[in-house]
Structure formats: C-alpha cells, structure tokens
1. Can you find, among Ala179, Gly192, Ala103, the residue sitting farthest towards the positive end of the charge dipole of segment 91-205, where Lys and Arg contribute +1 and Asp and Glu -1 at Cβ?
2. Using the Cα gyration tensor of segment 91-205, with a ≥ b ≥ c the square roots of its eigenvalues, what is the shape: rounded (a/c below 1.5), prolate (a/b larger than b/c) or oblate (neither)?
3. Run the numbers for Lys158 and Arg206: contour at 0.36 nm per residue of separation, minus the present Cα-Cα distance, in nm.
Amino acid sequence: MSDRPPVTLTDIQTAREDVERLCDRYDRLVASGQPLSAQATADLRAMAGIYDLSADGSPAEVWASLRAVLTRQAPRASPATDPAPPFEPLTLLLVEDNAEIAADLTETLSQAGHRVIGPFGYAEAAEAAAAQQAVDLALLDINLSGPTDGVVLAATLKARWGVPAMFLSGDVGAAARHAEAAEALLLKPYGGRDVLEAVSRWTAARR
C-alpha cells in the first residue's frame with residue numbers, strides 16, 4: 001500500500017498544467033519538421049527512460065509513445081475554483097491475474113465504499129459478468145492469462161455495454177501503444193490509495 005500524503009486539488013491542478021505545457025512544447029517542436037536541439041532530444045529520451053519506453057526511434061516516434069502515457073496518466077480534476085466532488089460509490093469491474101494484487105485492490109476498493117465485481121484473472125469471465133450487470137468502470141490489467149488481453153477486453157466492454165476502462169499495467173510499452181483504448185492509465189508499481197485517487201479523478205473528470 002502507498003503511504004504518500006493525500007493528493008490535494010492544488011497538486012492535481014499543478015501536475016495537469018505541467019503535462020499540458022510539456023505537450024504543447026514537444027507538439028510544436030515535432031510538428032515544425034525541424035530537427036530537435038541536442039538538449040531537447042536528450043530531455044525527451046531521458047523522459048522516455050523514466051517510463052521504460054524505447055528511446056531508439058526518431059524523436060517523433062519517441063514523443064508519440066511518451067505523449068500517450070503522459071496524457072492518459074495525467075491527473076484530471078474539476079477547475080481549481082470548484083469544491084472537491086462528493087464521494088460517489090461506483091460499481092467497478094476488476095480484472096487482474098496477479099492474485100495478491102487483486103486481493104489487495106478488492107479489499108481497498110470495497111472498504112472505500114465501492115462495489116467490486118470480481119476480481120477476474122481471465123477476460124472471458126469478466127466479459128460474462130459485464131453482460132449480467134451494470135458496470136461504471138472497468139479496471140483492467142493489459143497482460144492477462146488466457147487468449148484475450150486487456151486491450152481487446154476494453155474494446156469489447158465499450159462496444160457492447162458502453163463500459164469505459166482504466167488500464168492498471170506494468171507494461172508501459174503496451175500502455176503507450178494502446179492508450180486510446182482506455183480513459184486513463186495507472187502504471188505499476190502502485191498502491192491501493194493510488195487506485196482510489198485515480199478512480200476519484202476519473203469520477204471528477206466525467207462530471
């Protein structure tokens with residue numbers, strides 16, 4: 001479990017603005033078609049290294065992967081002038097094939113007041129459960145046991161029942177490649193508090 005202090009609305013707003021400034025800068029640099037400076041290139045590859053992303057491609061390729069991770073994982077919240085949103089219990093579909101992580105998350109989410117369906121280690125079982133009851137948000141690992149991965153499951157849940165997904169993944173490369181398939185990312189390692197905060201940010205952003 002994470003023992004970090006609670007994230008405040010000011011923290012969230014500051015982090016969001018930092019990501020927006022970074023995206024604006026590199027979007028303009030890459031779109032210009034001009035070679036990036038040595039410093040800008042070094043900074044870009046260093047940031048990719050932080051997220052364990054490949055830095056071997058062109059700056060445009062590296063930035064595309066990094067941008068996908070940053071924008072999907074960036075904290076989102078209501079404007080700073082708004083009060084913190086009231087707690088809203090959700091029905092969460094949890095798909096995680098690591099039994100220990102799944103048990104910890106189920107306990108944390110349930111104690112916080114959410115209803116957890118699962119956890120499931122296979123996409124097929126999760127899909128069957130989603131067909132039988134309403135789900136607000138699916139928390140999905142990308143790399144699952146069985147023939148169907150979390151990316152395919154996310155697409156199925158969205159297409160058939162309109163269920164949005166949040167990827168909980170340690171595979172940063174896969175998360176970057178398939179970021180558009182989910183509404184948010186949370187990269188491992190994380191604790192129960194991190195997941196609760198991510199769910200709260202998602203709830204606030206959809207209001």
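Every number in this text was worked out from the coordinates using simple rules, so none of it is lab data. Only a predicted model underlies this, so the values are computations on that prediction, with no experimental measurement involved. For neighbour counting, all protein chains shown are included, and Cβ atoms are generated from backbone atoms with ideal geometry for every residue, glycine included.
1. Of the listed residues, the answer is Ala179.
2. Rounded shape, in that the Cα axes give a/c under 1.5.
3. Result for the pair: 15.7 nm of gain on full extension.
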